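The values are calculated or read from the model by the stated rules, or taken from the named source; none is laboratory data. Remember, it's a predicted structure, so these values are computed and weren't measured experimentally. In this analysis, Cβ positions are derived from the backbone assuming ideal geometry, glycine residues included, and neighbour counts consider all displayed protein chains. The protein model used for the area step is the full one, side chains on, heavy atoms only, and it has no ligands, DNA or RNA in it. Shrake-Rupley method; radii C 1.70, N 1.55, O 1.52, S 1.80 Å.
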Amino acid sequence: MILRVYVLAYMVFLYAPIVLLPLFAFNDGTVIAFPLQGFTTRWFAELPQTPALVQSVRTSAIIAVSAALLSTILGICAARASARYDFSGKRAVLGFVMLPLVLPEIIIAVSLLVVVLALGLQLTAFTVILGHTLICMPFSIAILNGSFSALDRSLEEAAVDLGETRASSFRRVTLPLIAPGIVASLLIAFTISLDEFIIAFFLTGTNPTLPVYLWGQLRFPAKLPVVMALGTILVLSSVLLLCLAEWARRRGVARTGRMDGGFLG
Amino acid sequence: MKETAQRRPIVQMQGIDKRFDDDLILRGIDLEIGEGEFFSLLGPSGCGKTTLLRTIAGFETPSAGRLILDGRDMAGVPANHRPTNMVFQSYAIFPHLNVADNVGFGLRRDPRNAQDKARAVAEALEMVGLAGYGRRSATALSGGQRQRVALARALILKPRVLLLDEPMSALDKKLRETMQAELRRLQRQVGITFILVTHDQEEALIMSDRVAVMFDGRIAQMAPPRELYLRPASRQVAQFIGFMSFLPAQVSGAEVDVAGLGRAGVEPGQAPGGLHDGQADIGIRPEMLSLVEDAPRPGQRLSEGVVTEVEYYGDMSYYDIVLDGAAQPVVVSMKNLPGGVAAELGDRVKVSWDASSLMVFPPRS
Amino acid sequence: MGAGADRTERIRGWSLAAPPFVFALSLLAIPICTIMLFSFWTQDFLTLDRNLTLANYAEIATDPLYRQLLVRSILIAAGVTLATVLLAYPVAYFVSFHVPQERKSLWLFLITIPFWTSYLIRVFLWKVILGFNGVLNSALLGLGVIDEPLGWVLYNPTAVVITLAHSFAPFAILPIYVVLERIDRSLLEAGRDLGETRVTTFLRVTLPLSVPGIVAAVLIVFIPTIGDYVTPRLVGGPDGLMIANMIQTQFLRLNNAPMGAALSVVAMASVGFVAAIFTLALSRWLRAPR
Ligand SMILES: Nc1ncnc2c1ncn2[C@@H]1O[C@H](COP(=O)(O)OP(=O)(O)O)[C@@H](O)[C@H]1O
Ligand SMILES: [Mg+2]
């Protein structure tokens with residue numbers, strides 16, 4: 001009973017910021033504080049009228065899509081190697097590529113910055129894409145590992161036995177069966193990249209990403225209600241993407257008939 | 001049933017070795033399987049049966065030796081270009097396709113038009129008793145139905161050789177018996193060479209024209225079921241297939257002197273290891289011994305002993321009998337017929353036997 | 001059946017693993033080596049002095065500002081870790097032991113959702129919640145619990161701890177949950193059968209068996225926390241700043257990349273050191289009998 005009350009309180013703690021967000025986003029007052037002043041949608045209306053914001057959304061979208069694609073492709077390679085093949089140094093290699101998961105992001109950001117500086121390169125959206133791919137990759141691998149290890153290895157052999165080549169059996173059998181995992185990986189990586197701040201902060205060029213733009217706005221109290229409105233949209237779209245990803249993952253599980261852990265499991 | 005010698009060879013293996021890391025899993029496999037033959041690979045789990053089957057299918061590359069299928073050397077020929085198809089142990093039914101798409105999976109490169117292909121699929125489904133199941137989801141099938149789908153999917157491609165890896169191991173006992181009979185019927189109907197992997201000796205004996213018994217990567221004996229049972233090539237084969245009792249004996253010339261049975265003449269065919277003067281072990285199957293009340297039939301010999309154990313199986317009873325002059329018991333099986341001979345624990349009994357049913361093996365070292 | 005030990009199989013495995021490996025190597029291993037190299041250089045206004053020297057490290061060791069920052073970072077990270085894991089354990093326990101099997105993944109999903117939603121905005125909202133005129137103070141004032149707003153909840157290490165404990169919640173809950181799920185339930189019944197109460201069974205059976213999960217949770221929270229930049233900046237105030245803020249200042253404000261690099265190396269080394277000590281100290285419980 002005590003445990004139940006505690007867990008409830010903990011969930012309130014977890015959800016408090018997310019729940020407050022829309023309250024302030026629709027609040028007809030320039031100060032982010034209680035009591036609320038009344039209902040308005042003008043903060044949302046202001047959003048499309050801010051060119052810098054629109055530009056940052058565009059930059060973020062390009063970066064997130066690229067990072068999601070790259071990390072999913074690399075994730076497919078790693079997860080398939082892990083599930084299907086045996087080779088010396090396998091554990092070390094596959095452990096190493098998961099390392100970005102536990103490294104402080106500032107270290108990743110700074111070390112990439114140093115390399116870019118040392119090579120005399122320009123900071124562009126491309127450098128951010130590389131950094132984001134690096135931190136998304138372990139998540140993609142974890143998700144796709146689930147898909148690949150749920151796959152009966154003899155399915156691919158059966159396809160080859162029935163006349164397909166290695167490549168075409170991958171396309172006709174493996175790909176459809178891991179498709180839900182691929183979708184989940186793309187969505188999760190997209191969400192992570194869209195949300196990531198530190199790496200983008202260090203590596204971004206002249207076009208800031210959305211979080212970097214937001215960071216700049218947090219200094220101006222007058223801009224805060226608009227930030228709240230933007231945040232509301234961001235949170236909603238993240239939750240939507242996550243639900244889609246979870247749905248895809250479960251469909252994959254239902255299809256291959258095996259249960260596995262969640263996103264981080 | 002055609003004699004093996006008359007069949008055209010379809011699978012030939014010459015000195016096949018397979019090495020995984022440093023373990024030699026297949027050791028010098030030589031075999032020849034004829035067209036239309038139902039051939040079984042029988043052996044305990046881990047002896048290399050699946051590896052041998054996968055070598056024929058092209059999923060494993062032999063480390064040494066030659067594999068010839070339908071007259072063609074298979075070196076460098078990938079699995080998708082071999083005239084074989086396989087029924088996997090897990091059946092490997094594609095979960096994202098329905099039954100008809102599973103069965104028609106291999107027809108993609110077939111030049112026939114869609115209508116003809118659909119007809120071929122329907123015929124294949126009918127052949128395995130699944131007519132009308134085409135639109136069902138593959139994930140909703142029972143074990144027996146999955147096996148039928150796997151069979152139809154392989155047979156529709158008209159392979160020269162169908163490879164089956166323990167296809168019955170996932171089925172319960174009743175269903176297994178039904179499927180054994182059906183598989184045998186199907187094989188006669190299509191006339192394709194079947195190679196069945198199994199660890200179930202009964203299954204191998206029931207279904208096959210010929211059986212290869214494998215131990216530890218080697219073929220210990222390759223023979224039709226009857227010969228395998230009556231003339232096992234080694235003590236190990238004899239013990240793996242059915243039951244056999246052993247008694248120590250002395251060999252001199254073509255005669256053996258067996259503890260508890262006495263002297264008897266034997267033919268060279270009864271001694272797979274050859275007849276060498278000195279120590280030997282005599283093997284005899286339980287049904288080759290019988291309890292009798294009166295004088296033996298002509299040609300039969302008689303020994304006496306004491307019953308030390310009785311096991312009642314309903315239709316049969318098994319008796320452990322220590323024959324006079326022997327140290328260890330022999331097992332005798334008797335049908336429990338009305339008015340037939342039976343015995344109780346501790347009874348003195350007469351046991352009849354026939355010299356031609358004895359097998360002579362080298363002594364256990 | 002394990003994958004093939006064939007030569008071709010090995011080559012195929014390697015060539016598949018190669019792209020992610022090379023990617024991680026060139027974007028992680030090489031940069032980290034570069035940063036180590038950088039840390040032995042010095043910045044001379046606009047030019048980089050490439051003579052190898054320990055000057056940066058000497059400065060970090062002697063300047064009380066850096067030392068204080070480092071110690072504070074470790075202490076705050078330790079506090080965050082302690083708070084996060086302590087708060088998370090009962091939740092993991094609840095989901096593993098009290099939620100019906102078919103609802104577990106829904107719970108895990110609900111627990112992870114806040115984690116995936118805009119990090120910056122979440123941290124900023126804690127500033128709103130904990131602020132002088134914030135949600136917490138207005139609520140407490142409204143309820144008559146306090147007479148004037150509490151000033152001590154924002155712009156200090158406590159605020160950092162609260163905010164980070166929120167950010168890293170799923171990182172702590174999931175590893176503990178995974179380990180709790182693996183505990184054979186009959187062990188608990190055996191404990192009760194042998195005369196233990198519910199509480200002593202927990203203390204003598206469940207808790208020791210869940211140590212590997214606790215250790216994983218501690219490491220996975222502690223390591224990234226030390227490098228957090230946003231939270232100290234937004235809610236930490238001057239006394240709540242951490243090493244990442246100084247690294248950022250060195251790189252982007254003072255344009256002293258070698259000093260920033262040296263600080264990064266020191267941060268990594270201290271994280272590694274603390275984590276290693278911690279793991280060693282608990283190694284007795286990690287060698288769980290199987
Ligand atoms: N890909 C492989 N890599 C390493 N060892 C293998 C591989 N496949 C089979 N083996 C080993 O070969 C032996 C025979 O296996 P298998 O052919 O599956 O036996 P069976 O089918 O008779 O039970 C086993 O000891 C197994 O561990
Ligand atoms: Mg096998």
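For the chain pair B and A, buried accessible area totals roughly 1900 Å², probe 1.4 Å, rounded to the nearest 100. Tell me the carbon and sulfur percent of the accessible area for the range A:59-264, rounded to whole percent, probe radius 1.4 Å. So the carbon and sulfur contribution to the accessible surface is 69 percent. Between residue A:2 and residue B:216, the distance separating the two model label sites (each 7 Å from Cα on the Cα→Cβ line) works out to 6.4 nm.
Charging the Cβ of each Asp and Glu at -1 and of each Lys and Arg at +1, and nothing else, the dipole of the range C:9-137 about its Cα centre rounds to 460 debye. Packing, as the average of other Cβ atoms within 10 Å across residues, places the peptides B:282-289, B:339-346, A:238-245 in the order B:282-289, A:238-245, B:339-346, highest first. The figure for residue B:335 is an accessible area of roughly 130 square angstrom, using a 1.4 Å probe on the protein chains alone. Computing FRET efficiency as 1/(1 + (r/R0)^6) for residue B:174 and residue B:119, where r is the C-beta to C-beta distance and R0 is 41 Å, gives about 0.75. For the protein assembly as shown, the dipole from Cβ point charges (+1 on Lys and Arg, -1 on Asp and Glu) about the Cα centre works out to 2400 debye, to the nearest 20.
For residue C:104, the aspartates and glutamates whose Cα comes closer than 18 Å to its Cα, not counting residues fewer than 8 places off in the same chain, are A:246, A:260, C:181, C:184. Note on chain C: GNM, Cα springs under 10 Å; of C:141, C:188, C:25, the largest mean-square fluctuation is that of C:25. Each chain gives up part of its surface: C and A jointly bury about 7400 Å² of accessible area, both sides summed, for a 1.4 Å probe.
Of all the accessible heavy-atom surface of chain B, with the other protein chains kept in place and a 1.4 Å probe, what percent is carbon and sulfur?
C and S fraction of accessible area: 49 percent.
Using a Gaussian network model of chain A with C-alpha springs under 10 Å, which one of A:21, A:36, A:151 is most mobile by mean-square fluctuation? Sorting by GNM fluctuation, first place goes to A:36. Of the Cα atoms belonging to the range B:1-102, the radius of gyration and Dmax stand at 15.2, 45 Å.
Restricted to Cα atoms, the range B:4-237 shows a radius of gyration and a Dmax of 17.7, 57 angstrom. When chain A is modelled as a GNM with alpha-carbon springs shorter than 10 Å, which of A:93, A:128, A:227 fluctuates the most? Among A:93, A:128, A:227, the largest GNM mean-square fluctuation belongs to A:93. The residues packed around residue A:47, meaning those with a beta-carbon under 14 Å from its beta-carbon, carry a net charge of +2 if Lys and Arg are +1 and Asp and Glu are -1. One equal scatterer on each Cα of the protein assembly as shown, no solvent, Debye formula: the resulting log10 I(q)/I(0) at q = 0.04, 0.08, 0.09 Å⁻¹ is -0.31, -0.91, -1.03. Counting every C-alpha pair in the range A:193-245, the share spaced more than 17 angstrom apart comes to 44%.
Note on the range C:79-135: Cα-Cα pairs beyond 19 Å make up 50% of the total pair count.
Computed from the alpha carbon positions, the gyration tensor of the range C:40-287 leads to an equivalent ellipsoid with semi-axes of 39, 26, 15 Å, biggest first.
Tell me, what is the FRET efficiency for residue A:251 and residue A:168 to the nearest 0.05, using R0 = 30 angstrom and their Cβ-Cβ distance as r? Calculated transfer efficiency: 0.80.
Which helices, taking whole DSSP H runs in chain B, have alpha carbons extending 30 angstrom or more along the helix axis plus mean Kyte-Doolittle at least -0.5?
Taking the DSSP H segments of chain B (at least 30 Å long, mean hydropathy at least -0.5), we get none.
What the protein assembly as shown shows is 45 Å² of accessible area per residue, with the surface traced by a 1.4 Å probe over protein heavy atoms.
The convex hull of the Cα atoms of the range A:69-215, projected and averaged over all directions, covers 10.2 nm².
For residue C:53, the accessible area of its heavy atoms, probed at 1.4 Å with every protein chain present, is near 50 square angstrom.
Of the DSSP H helices in chain A, those with a Cα length along their own long axis of 24 Å or more and a mean Kyte-Doolittle hydropathy reaching 1.6 comprise A:2-25, A:175-195. Note on residue B:18: aspartates and glutamates with a C-alpha under 16 Å away, same-chain residues under 8 apart excluded, are B:30, B:60, B:216, C:6, C:9. What you get for the range B:1-107, charging only the Cβ of Lys and Arg (+1) and of Asp and Glu (-1), is a dipole of about 120 debye around the Cα centre.
Residues of the range A:66-81 that bury at least 20 Å² of accessible area once all protein chains are present, compared with their chain alone (1.4 Å probe, heavy atoms only, ligands and nucleic acids left out), are A:74, A:77, A:81. Here the sum of -39500 (n - 2.57) over DSSP H runs of 4 or more residues, divided by the residues of chain C, equals -21500 deg cm²/dmol at 222 nm, to the nearest 500. The accessible surface of the range C:40-287, taken with every protein chain in place and a 1.4 Å probe, is 66 percent carbon and sulfur.
Contact-buried residues of the range C:20-47, at a threshold of 20 Å² lost accessible area versus the chain by itself: C:20, C:21, C:23, C:24, C:27, C:28, C:31, C:32, C:34, C:35, C:38 (1.4 Å probe; DNA, RNA and ligands ignored). Heavy-atom accessible area for residue C:201, with the other protein chains in place and a 1.4 Å probe, reaches approximately 10 Å².
Between residue B:202 and residue B:306, the FRET efficiency estimated from the beta carbon spacing at R0 = 35 angstrom works out to 0.65.
Hydrodynamic estimate: the Kirkwood radius of chain A over Cα pairs, inserted into Stokes-Einstein at 4 °C and 1.567 mPa s, corresponds to D of 62 µm²/s.
The lysines whose alpha-carbon is closer than 26 Å to the alpha-carbon of residue B:174, local same-chain residues fewer than 8 away aside, are B:49, B:335.
Between the listed residues B:134, B:355, B:43, the Cα displaced farthest toward the positive end of the dipole of chain B, a dipole computed from Cβ unit charges relative to the Cα centre, is found at B:134. Computing Rg and the Kirkwood Rh from the Cα coordinates of the range C:120-206 gives a ratio, Rg/Rh, of 1.25.
Across the range B:245-361, the convex hull enclosing all Cα atoms gives 99 Å³ per residue.
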